[in-house]
Each structure stands twice: as structure tokens, then as C-alpha cells.
Amino acid sequence: MIVCSCQQISDLDIELALLDILNQPEAPIPTPGVVYRHMQKRMQCCGCAPLAVDVIYARLESLERKGLICPYRSFSTRERLLRLQQQRRKQPANTPADEYESCE
Ligand code: FES
């Protein structure tokens, strides 16, 4: 399934990127921006951001079920991602210069 039509990113691309990211010793929160940068891509219209977050959540659970990532790391990452998303929703509308950051 294509998640980002601007950059031609699929759900499988996101899953593979998550595996790489979460196996780093100091893994960052895998926001869409972090995942896209890992793939050396950059969001353009940001229209895929909500779907990318949903796919990241689903793939975290899937990787955990497959035993490819530690359940604690998966849970912790989902919690941190959820908190980050909630904080961003509370922030006032961003200026156009911040638009890229709001995609993450
Ligand atoms: S659809 Fe992903 S950046 Fe446009």
C-alpha cells in the first residue's frame, strides 16, 4: 500500500525503516519525519502525515508480534509517539516556515 504518493513510500518501506530505527542504541521517536529522513526522503505536501502515523503504530505492533522488536521498546515508543502527537495538537497553528516541522 502506498502511504506517501509524493515520495512513493509504501507501508513496507516504513516497516523496514522502523526495524532499522528501533534497533539503534538510542532510537529516536519514529515520527513520520524521522522515518522519512531515515529513508532519505522529505515530506512535501504533508497530506500523508496522519496515515503515516497510523501505519507506524500498526507496524510497531506487527513487528512486536513477530518478535522483531522488544515489546517494552514497542510499547514505550508508541507511548512517546502518542504523547508527541497530543502535544502537537495542542499547539497553535504553525507559521508557513514551520510547516515542514508540523508534518513530523
Ligand atoms: S503525500 Fe506524502 S508528502 Fe505528499
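A short reminder: the numbers here are calculations on the coordinates, not readings from a lab. Just so we're clear, the structure is a prediction, and the values are computed from it rather than from any experiment. Cβ: placed from backbone, ideal geometry, glycine included. Neighbour counts: every protein chain shown.
Considering the chain as a Gaussian network with a 10 Å cut-off on Cα pairs, which listed residue, Gly33, Gly67, Gly47, attains the greatest mean-square fluctuation?
Gly67
For segment 36-44, what does the Karplus curve 6.51 cos²θ - 1.76 cosθ + 1.60, with θ = phi - 60°, yield as ³J(HN,Hα) per residue in whole Hz, taken in order and with x for Gly and Pro?
Values, residue by residue: 5, 4, 4, 8, 6, 10, 9, 4, 10 Hz.
What list do you get for Lys66, Lys90, Lys41 if you sort them by fewest beta carbons within 10 Å?
Lys90, Lys66, Lys41
Taking 1 over the mean of 1/r across every pair of different Cα atoms in segment 2-103, what Kirkwood radius in Å do you get? Present the calculation step by step, with values, prior to reporting the outcome.
Working: mean 1/r = 0.0717 Å⁻¹.
Evaluated on segment 2-103, it is 13.9 Å.
Do the sum for the chain: with -39,500 (n - 2.57) for every DSSP H run of n ≥ 4, divided by all residues, what is the mean residue ellipticity at 222 nm, to the nearest 500 deg cm²/dmol?
The helix contribution divided over the chain gives -18500 deg cm²/dmol.
How high is the relative contact order of the chain, in percent, with contacts defined as C-alpha pairs under 8 Å that are six or more residues apart?
RCO, the chain: 31 percent.
Each residue of segment 73-87 in turn: what ³J(HN,Hα) in whole Hz from Karplus with 6.51, -1.76, 1.60 and θ = phi - 60°, glycine and Pro shown as x?
Going residue by residue, I get 5, 4, 4, 4, 5, 5, 4, 5, 5, 4, 4, 4, 5, 5, 4 Hz, with x marking Gly and Pro.
Under 5 Å between amide hydrogens, which residues at least 5 positions from Ile9 or on another chain qualify, with H placed 1.01 Å from N in the peptide plane?
Amide H neighbours of Ile9: Val3, Cys4.
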